[in-house]
Structures are given as C-alpha cells and as structure tokens.
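See below for the structure under consideration.
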Amino acid sequence: MGYKKTQIGFITVLTIFQIAFIVLSSIWFRYDESFDETSGADFDLRTDYYYTYYSDVAVMVIIGFGYLMTFLKKYGLSAAGYTFLLAAFCVQWTLIANAFWHQIHEYGELHRFDVDIPALIEGMFGAATVMISFGAVLGKTTPLQLILIAFFEIIFYSLNIYISVLRTHATDIGGSMIIHTFGAYFGMGLTTVLTSRKTKEHLKNPDNDATKVSDVFSLIGTIFLWLYWPSFNGALGVPGQRFKVVVNTVMSLCCSCVGSYVWSVLLNKGKFNAVDVQNATLAGGVAVGTSANLYINPVGAMAIGLIAGSISTIGFNKITPFLEETVGIHDTCGVHNLHGMPGIIGGISGIIAVYAGTEDHSLYNGAIGNYFPEGDHQPFRQLSALFITLSISYFGGLLTGFIMKFLGPNAEKPFTDEEFWFDEENDAEESEEEELEKKPLDDEESNISSSEDIQLKEKLSSEN
Amino acid sequence: MGYKKTQIGFITVLTIFQIAFIVLSSIWFRYDESFDETSGADFDLRTDYYYTYYSDVAVMVIIGFGYLMTFLKKYGLSAAGYTFLLAAFCVQWTLIANAFWHQIHEYGELHRFDVDIPALIEGMFGAATVMISFGAVLGKTTPLQLILIAFFEIIFYSLNIYISVLRTHATDIGGSMIIHTFGAYFGMGLTTVLTSRKTKEHLKNPDNDATKVSDVFSLIGTIFLWLYWPSFNGALGVPGQRFKVVVNTVMSLCCSCVGSYVWSVLLNKGKFNAVDVQNATLAGGVAVGTSANLYINPVGAMAIGLIAGSISTIGFNKITPFLEETVGIHDTCGVHNLHGMPGIIGGISGIIAVYAGTEDHSLYNGAIGNYFPEGDHQPFRQLSALFITLSISYFGGLLTGFIMKFLGPNAEKPFTDEEFWFDEENDAEESEEEELEKKPLDDEESNISSSEDIQLKEKLSSEN
Amino acid sequence: MGYKKTQIGFITVLTIFQIAFIVLSSIWFRYDESFDETSGADFDLRTDYYYTYYSDVAVMVIIGFGYLMTFLKKYGLSAAGYTFLLAAFCVQWTLIANAFWHQIHEYGELHRFDVDIPALIEGMFGAATVMISFGAVLGKTTPLQLILIAFFEIIFYSLNIYISVLRTHATDIGGSMIIHTFGAYFGMGLTTVLTSRKTKEHLKNPDNDATKVSDVFSLIGTIFLWLYWPSFNGALGVPGQRFKVVVNTVMSLCCSCVGSYVWSVLLNKGKFNAVDVQNATLAGGVAVGTSANLYINPVGAMAIGLIAGSISTIGFNKITPFLEETVGIHDTCGVHNLHGMPGIIGGISGIIAVYAGTEDHSLYNGAIGNYFPEGDHQPFRQLSALFITLSISYFGGLLTGFIMKFLGPNAEKPFTDEEFWFDEENDAEESEEEELEKKPLDDEESNISSSEDIQLKEKLSSEN
C-alpha cells in the first residue's frame, strides 16, 4: 500500500483522540439541566440569546480564518480543509479541557459536566486560538503535526484561562489576551523552533505567493471576520453589556479599516497592498476585545481601532521583513501583526479602561462589581494576566515546537496541496508510461485549464 | 429567432407556473392573524423566534447547496444559477402544496391559508429536498427538465409529509427521513431512468471533473451547510427543544467531520480526497436529524455522527464506483452517500432513540407527550414513516424520470454552462467568418492561465 | 519617492476625515442611556432585537455589494476592497450626518448624540447608498475620487432623509426611494458628468468584461443580497411590522427571481445571461421596500416582484444599450436597472398601497396612525418624497460629478487593479534588466487570461 509514516500517524492519532473524546463525553457530558423544558419560554430565550452569537463565531472561525488563509496560490484546499478539520477537533477537545478546569476550580474535583451553548462558544474560541497559531506555520506542517499542535495548544490554552481568568480574575470579554495574544505568541514560539531553519528557503519558494483570484477569495474571509466581530467580542457578554460591545467593536473596526488603507498606501509606493487589506483592517476588533464591554465611549473605541490598524499595517510592512530577514523567524500569515501586537494593545487598553473605571466610580453607575470583581486591584490583575498569557503562550509554543521536531518531519513540499490531497490525475494507479505522457498536463488542476489548452500544448509539442 | 424547443418550453412552462402561483395566492394566502400587531411585543418575539432560523436555512439551501455543486469545472454558473432559480420556484410551490395538505388534514376542505414564517421555512425545506435530488442529475438535465422535476417532486414530497407526519405521526424534526432520505432516493429514481443509459459516457467525459479553484468554491458551500445545520434541524423546534437540537447537531457534525477525514486518508492512498471533505463531513447533520430534539445525550449524537461520516466516506469511495460501474447508475454529486444512507441511519437512530424513551419514561421527565404523540407505538410509527418515505420517494423519482424521458431530451453538452448560458463571444450575432476567427479564443473564459501557459508563451516568443 | 498627486491626495484627505470623525465623536457621541444596564433583561432584548438585523445588513453591504461588483475580470480586488473601505468610512460619516439632522429636527440645535444600534443600521444604509452609486462608475474612478464622492453623497443623502422623511413624513421602511432610487440617480448624475465622454472607449475596453470564475464570485454577492433582503427591509421596523416585512420581501424576491430568468431567456437567444441573473433577480427586494410593512398581502408582494424583475431584465438588455449607445451614458453595473427603475416602482407601489389603506381603514384595524402619520394626505406625501428624492439625488450627483472633474483625473487604466494595488512582481524595486526578464511572466498573477493570451493563440493558429 505504501502509506507514509506521517499518514499512518495521522490516521492512528486522530482515531485515538476521537474515540477518547467520545468515551470521555459518555462518562462526563450531559445536557445543562437549566436549559430544560421545565423552564419553558425563558429557556428558549436563553438558547436564542446565545445561539446567534455562537453561529456568528463559528462562521468567523471556519469561513473567516479558513478563507483568509486561502491566499496562497496552491494551498487553497489545505487552508480551508485543515481549518475545517481543526475546528471540529478543537471544539470537542476544548469542551473537555475547559470542563476539566471549570470543575477543578468550582468543586476541586471532577463532576458530571453539563454542556450548554456558552460551552460550545468557548469550544469555538479554542478553535479560533489554534487557527491563529496555524497561521504562523501555514503551509509548512503536515496534517499529523497540526492535530498534535492543536492537542497541546488547547492544554496550554485552557491552563492559561484557568490561571488568568478563573484565578487572577482578569476581565477579557473579547479575548484580546487569552485568545489573540495567546494564539499569536504560541504560533511565534512554534514557528521559531519548527520552521526558522528554513526561513530563507521559504521566502524564496515561488509557491509561497498569492494570485489575484486567491486574494479575492481571501478577502471573503477578512470581510466575514470584520462583519461578525461584534458577535465574537460579545458572545459571552452578560445581559446589559452586549450593547456597548456592539457599538465599541463596530466603531473600532471602522477606524482600523481606514487606518490600514492609509498606512498601506504610505508604505507601498502609493498603492494598496492586498496583505494589509486582508489582515490589518481587522486589528481594531482584536484590540478592542478586552475593553469592548467597558465604558470607553465611542471615541475610545475609535482611537483604539485607529492605533491598532496603523501599527498592524506597519507590522506587515516593516516588522515582518525584519523578523524574517534579521531574526530569521518565518510567520506565514503575519499573525504577529494581526493578533500579537494588536492583542497586546488590547491588553494595555483594558488596563487603562479599568484604571479609569476604578478612578471615577460614577462611570459605571455604581455597578462596577459587574465588571471588575477585584475592584481597585483590577488594573494590576489585568497586567498580571497579560504577562501570564504572554509567558504561557510563548513557552508553550516553543515546547510544542520541540515536541513536533522530535516526533517527525515537516511538510516536504511546503505551500502546496499536492503532498496531502488526492488528485486523480496524479495519484491514480497508472502505468508509468501513461504517467509520463500525462506529466505535462500536471498543471491542469491549477485552475481550470480546458481541453483546448491541452490540444494547444500537444500541437506545440508535436511541432517541436 | 431560432429558439430551441426546450427553450420555448422553459419560457412557457415557467411563465404558466408563476402566474398560477400568483393567482392561487391571491385567492388563498393572507397574513397569519396571530402574527398581527394586536399581540404587540410577543408577536415580534415570534417573528424573531423563527426568522433567524429561516434565514440560516435559506443560506444553507442557496449558498450551501448552490456552491457545494459548483465543483464541476465548467458548470459553475449552472450549479449556482439553477439552485437559485429552483429555490425561488420551490418556496412558492411548496407553500401551496403544503397548505393544501394542511387544510385537507385539518378541515377536510380548503380554507384561506395564513402564511407565517414557519410556512416559509417549510418552503425552504421543500427547496432543499429538490436541491438534493438535483445533485443526482447535476450537469445532465435541461433547465426545462429541472423546473418540471421540481414541480413533480414537490407533489410527492408534500404527499409524503401528509402521510408520514400528519397521518402516521412520525417525529422527524430535522428531516432525516422526509427531506434527506426523500430527496436522495427521489434523485436516485430519477437518475436511474433518466441518465443511466449514458453512465459510461458521463464517467469518461473530461468536463465531469473538478479543479482546485472549483474545489475551494465548493468548500464554501460545505462549510456554510456545516455551520448552519443546527438551524436546519431546529428551525421548527417547539420551545424547550431547540437547545438539545443545537448541542446534538454540533457534536454530531464535529464527529462526522473527523470521521470523514480519517476514512478519506485510509481509502485514498494516504491523502485527503476533496470530494469526501466536501460531502461526507456533513453526514452527521443529516443523520442526527430525526433524533436531534430527543434525549440522546452528547455521546449519542457523537456516535451517530462518527458512524454517518464513516459510512458516507466509504460510500463515496466504494459504493459510488460500484453503482456506476456495476449497476450503471450515475449519481453526479453522490447524494446517495451524503443524504441517502445517512438519512436512513437517521431514521434508524430515531427509532432507537424513541424506543429508549418509551422504555425509560424518566428520560423525558414525564413530558413524553411533547415528543411522541403515539406513546409506546411511536417506534413502529417511525419505522413505517421510513418505509413510506423510501417508497414514495423512489417510485416518485422513477415515475418523474419516465415523464421527463417522454417529454424531451437531456442536456446535449453535459457538465458545461455553454449550452444554456449566454456568452457574448460565442452567442452574439456575428458573421460566420468572424466566428471562425474567434474560435481559438474560446478558452478565455477558462480564466486562469497557469505557469505552463507562460512557458508556452516564452517558447513561442523565442521561436519568433 | 514619486507618489502621484492622486495618491498624496488620498492619504491626506482620508487622514483628515478620519481625524475629524474621531474629534467630532469625542465631543458628540455617547452611549444611548436607554440601552443602559439599569433596564436589565429588556435592554438586552433591545440589543438583540436590532443586532441580528444590523449584521445581516452589514453582510449585504460589504459581502453582497462587494462581491456582486467583482464580476469584472481584472477588478476583483478593487471592487471588494473599495467596498470595504467605503463601508468603514460611510458608517462613521453617516452617523455624524444623520445625527446632525436628527438634532436639528428634534431640538433645533446640537446636543450630545446617543449612539444606539438603529443608528449603526442607518450608518450601513448610508454605506449601501454610496455602494449603489459606486456601481455606476465602477472601474473608472480613483480611490481619492471615491472617498470624495462618498463624502458629498452622504451630505445629500442625509439632507434628503431630513426633507423626505423627517419633514414630509413619507413612509419608506425598506428605502426603495431614499436608498435605492437615491443611490441610483446620484450615480447616474455622477457618471453623466464624470465618465460619459469616454463611454465608447469603455465599451470597447476588453478589461470591461467578466469571466466565468468572476461571474460565479459575483453570484455570491447576489445570493447574500437576496437572502438577507428581508433584514434590510425590516431592520428599522417597529414591533408588530416585521412579520409582514419578512413575508412580503420573500414573496417579492421569489417572483423577481423567476421573472428575471424568464425574461433573460426571452431576450438572450434562448439562454440565460449571467448579468440578468446577478442583478435583476434582486429587483423585487428593491421594489417592495416602501410597502414591505404594509397590508399588501402576499399577492401584492408577488406582483410587485414579478413586475420589477421583468422590467429590470428588460432594462439590462434594452435600456442600458440604449443609454450607452444613443445617450452616451455609461453605467458599469447597470444600477439604473437594478436600483433606479425598481426603486421608482417601489415608490409608486408605496403610493398605491398607502392609498388603499386610506380608502379602506378596516385594512389596518384602526392602527393606521402607526403607519401613516399624515392620514389621508399620506399618498400625496409619498409622491412628494419620490420627486424630492429624484431631484436631490440626480442634481447632487451632477454637482458632485462637476466637483470631481474639477479636482482631478479619473483612473488611468480603467477596469484594472494594477493602477492602485501593489504587486510584488511589478512594483518592487528591481534593476531594469530583471524587470525586462520578468516581463513575460507578468500575466501569471493576473490569473485570468487576458487579451495577450488571445493574441498569442491567434498567432499560434495563424502559424499553423
């Protein structure tokens, strides 16, 4: 049969994980009683209160991140396909990992866990975090590595939530820190260990490039992310806070979009750069995450967005080339620019917003307890959470990178689908002769060549 | 002018149907009084209770099925365009057909029918069923045939709902049986009669093939279907049941996604097959449909999803080739694998779930009547509904196939847009000479030149 | 560095506007008190009452209009990218402009303005209006012009709302008049002045053309618009009216879709024309806008849809060529057919529906005041609003066109991305020699074969 090691590994590992998930959930998962029919109309109100936000977040994770990453010209199936698989894997695994820490925190021991829709939203948040890290190594890993990375990352991710949120009581409704900063620096750690040795090679690889069609595909991802970001930031909002989340997130995103276009033109000889438009426009959503439910006023949100969009665009045009050429770190999608720096801006904005609230209590109409469990200590808690997140994510990424390096090889033909996606023309069993004859047609799948092309080429070859 | 018979037929038939729909609705359709303003706030709550689900289902039917079917390299406009037209046609016709049977069942005679949003949802469900059957004959029919097929299918579809649901009292909230099984076997009946004679020819047709770009397009459809499936299964859920529908459907889909990837690698020489990823990943949504609102626990949903995803993938890789080569049935999209078998799994899962509920009444907290109108007889009712659905759909499909065969020819240039979509280059009135000169340009629409083209050009330039 | 004037202008103008928006909102914008937490559960109900509709409208504006306009083969990045930027710009600017007029109308002076979600929806409506006008000049303007056009258009747009709605008390829930008619005739005014001199040149330009891939992309936009249109028409619906909006809009769109397909086949030698399918199918949504919340019954909505779809298709096939060739006006997307004429049909349908309501008071169960503030004078008010809208929009468009003409040049390479989008191959600093060597590869990223391919093939065929 001739399966490669990495293929056998993929089948084995994924099968074991999936069966383990089912076994664990059979012992552990029930429906949340409070969502039961006894509560009648109310109950369904609760379902609808969360479900729309859940499905918006799910669109962001799979369509948004998935299509955003299809910009590589020969890696479209992999980008969208792996995102899809990783989401299905991570939702389950995050449910389990989060349930573990929630139980430990609440009871000190393991109980039956009641699945509700907020738990599914947290599952999608875990998937989002993995997708961000995936962006840093896009095109360079095998599917087996991706599954293992996701497995380890969710362990660190849920540990960080336990420490930063459940223990430290930081507020981070939209996940600027616990999702974006975490995902970005985990990815940076990962790519430092795993792919930096080949940075120069990757930069020269002609397949590590976009086309106009793939750029327009990619923008679909960007725009769905931009549109549904208020749902991302507000999905877990308690009643009374979602309104501010929506207004703040929309205003911030409008300004990061405008800021990116301006800086893109400034830094690209008077033209727009598709990469900036696909990514930096979203930095406002990332950066307003921590303070989205706070009284920052529209102007606060707009300022955060403009700053984040500007810094992110500068990142794509100046910091990424520096990291690649001088430091030697290769971050395929530039997640450091879209999620890393804007995530830190988000964490810092959160500290400032929280500090303002603790200084001027009238701002929250005396309801400050709904927002800051730690009262006047809150700003320090926020700062702690930011450092904890940075540490756990970066070292978690480094460690996972070393494990991956130990376990097996990276992708052999980076930035191409062909290594792991079946293609009838090339992969079917054919006599060698036939294959040789067909070789010149290889390109066929790259995009809709038609029979005429082929005739043309045959004609040409016969001429020679 | 030189219109072809099938073109004149299309214009005539569709015009007559559309005018008939308008006349019927002028006599028959009013707004649902209970959605009237007198009920104030409540009323709008009802609108919003259903509208979000309606629009998610609508996205699934037109974007989901439409783009899922754009995988054929030269049939993109037809796949998306016919889906769009059929949806607009079927919503109206299903409204009328369902209204007829509802009235017959409730009053024994025809009354004025009050349109509400659940009725629109049922309209989209009718459209979904037709779209499933369309998948079996994709690329092989004329637009005229599609309109006529939709017309006949909705008659059988609404008859089956009358018998299986209104009379037999089967429960099937997500339509595993009445939508997916029905649509798939109607399509199989149809393709048996209509296109099996040309199966070998279709298999050899180079246009019956995908490209990387069309595969990535197609995945957009898949992912929207996957994401909004909880809305499909829960759209008509009574208050108190939607929560379980969401959890069950999400868990089932995660497992069918993982299952499909594993089996795809196993059955395709260690690589992923785009067809499996585009289709079998969704089998969990189909298969959990009947039991989505029942107490099957997360583990039950996960098991159903894993089984359905696995069998569906095996279907695409083993059963479809068998049906094509040995039996001689050509099912373009493999709807038998995605909707047929998983639909039956759904029906059977429903019987088991219902049986468990009738055995252990504590499971439903005594509210079993909300779920099973027939109490302890319910399992048998479910089984009956499954067989009734299989019979009506398959024989309905065969019969419709014979009518189509009698009425006129199939597509002359299967799997291409050019037969029915206007193309300025080729279709404008030009002198014959001009046309001859332009012939070599045909390729232009194939759009995406590849590196080979370029090499070609270089060769050419060097030659000159 | 060698920035062009239009590039420096773009950076300067957009920066000034963005900073002005932030300054204005810091002085002026606060959160709406009534959405505050004191109101508890209710309050969030209000957020959710509007937010879903807001995000559907946002999808329509950016994904819908953005991808609808990607049909040009070399203008995909620009179409989607400019839509995105304009939306982010217009939401902010419309918020400010509308807030100004609202304050003037309510208080006669300027107060602090409380931002709520309906205000964000109105922001997106402003963006939609600009996008419609953008369609008329698609491919022919510079980014600088687009920003300036948006700036001026929103001034006229908000002035028209002040006069037609706030002062004249016209009812136009879905914006047939104030959004669609306005946007279309503003665009027609604009293109009359700005681009009519080059109409013949544009018509002959081979880049002013679609390909199959870009057509399928474009249909994504169409279908999202079609699907979410009930949200567009109902977004600002008061409780008790949204139900009718949903039913009326869905029924109207189904009929305009069927109508367009029938007329498209009739007018295109028996084949479907992608342009009609991408556009005219939506005319029912436009035309039912004014009367969507009124008691027109399903049959009224269906008739409006069928008429609008038919006239729109006739417009694309007969009126556009007449305008182009005889009058000399070039309307790239045919917005006159999709928004202009159907918008007027919408205005007239509104007059008829209102007249029916004033004649037969029983129709509205005595609640006529909720719909028509002007009672029996309402029909005349509607008519006035239609004429006011037509006048302000067309003359506003002409005036803006003259300003644009005075300020600077149009795009130099119309219908292509290359003038304003950075492309590593072409735009990076390279020695001249390298560039010369690379020249033959140019085409590679453009993906979409261009006239060069064609010449090549012709050459080749002539050689043989």
Inset, instruction - Starting with the fewest neighbours, write out B:THR171, C:THR358, B:THR15, B:THR313 ranked by other beta-carbon atoms found within 10 Å of each beta-carbon. - result: B:THR15, C:THR358, B:THR171, B:THR313
Inset, instruction - First measure r as the distance between the Cβ atoms of A:LYS5 and B:LYS318, then evaluate 1/(1 + (r/R0)^6) with R0 = 30 Å and state the FRET efficiency to the nearest 0.05. - result: 0.70
Inset, instruction - Return the FRET efficiency for the residue pair A:PHE395, A:LYS269: r is the Cβ-Cβ distance, R0 is 45 Å, and the value is rounded to the nearest 0.05. - result: 0.70
Inset, instruction - Work out, step by step, the length gained on full extension between A:VAL327 and A:PHE387: first 0.36 nm times the residue separation, then minus their alpha carbon distance; give nm to one decimal. - result: 19.3 nm
Inset, instruction - Would you mind classifying region B:129-234 by shape? Square roots of the alpha carbon gyration tensor eigenvalues, ordered a ≥ b ≥ c; an a/c under 1.5 is rounded, otherwise it is prolate if a/b is larger than b/c and oblate if not. - result: oblate
Inset, instruction - Treat each spin label as a single point 7 Å out from the Cα along the C-beta direction, and report the B:LYS198 to A:ARG167 distance in nm. - result: 6.8 nm
Legend entry - For A:ASP360, label point 7 Å along C-beta direction: distances to other copies, nm: 5.9, 5.9
Legend entry - Residue exposure sequence - A:HIS339, C:HIS361 - by fewest surrounding Cβ within 10 Å: C:HIS361, A:HIS339
Inset, instruction - Quick one: with label points 7 Å out along Cα→Cβ, list the inter-copy distances for A:PHE380 in nm, shortest first? - result: 7.4, 7.4
Legend entry - Computed label-point distance, nm, for sites A:GLU425 and A:LEU110 using a 7 Å Cα→Cβ extension: 5.1 nm
Legend entry - Within chain B, longest stretch free of exposed GluC sites (Glu not before Pro) [DSSP loop, at most 14 other beta carbons within 10 Å]: B:110-411
Inset, instruction - Kindly give the distances from B:THR12 to its copy-mates, label point to label point, with each label point 7 Å from Cα along Cα→Cβ, as nm values to one decimal ordered shortest first. - result: 6.8, 6.8
Inset, instruction - Partner chain Cβ atoms within 10 Å, averaged over the residues of C:72-79 - can you pull that number for me? - result: 3
Inset, instruction - Would you mind ranking A:ARG46, C:ARG242, A:ARG381 so that the residue whose beta carbon has the fewest other beta carbons within 10 Å leads the list? - result: A:ARG46, A:ARG381, C:ARG242
Legend entry - Principal axis box of chain B, alpha-carbon based, largest edge first, Å: 86, 56, 45
Legend entry - Cα-based shape type of the protein assembly as shown, given that a ≥ b ≥ c are square roots of the gyration tensor eigenvalues and the cut on a/c is 1.5: rounded
Legend entry - Kirkwood-based Rg to Rh ratio, region B:81-139, C-alpha trace: 1.08
Legend entry - Label-to-label distance, nm, for residues given as C:LEU159 and B:ASN205 (7 Å Cα→Cβ offset): 5.8 nm
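Quick note: the coordinates plus some simple rules give every number you see, no bench work behind them. This is a predicted model, so every value here is computed, not measured. Cβ sites come from the backbone with ideal geometry, for glycine too, and all protein chains shown count toward neighbours.
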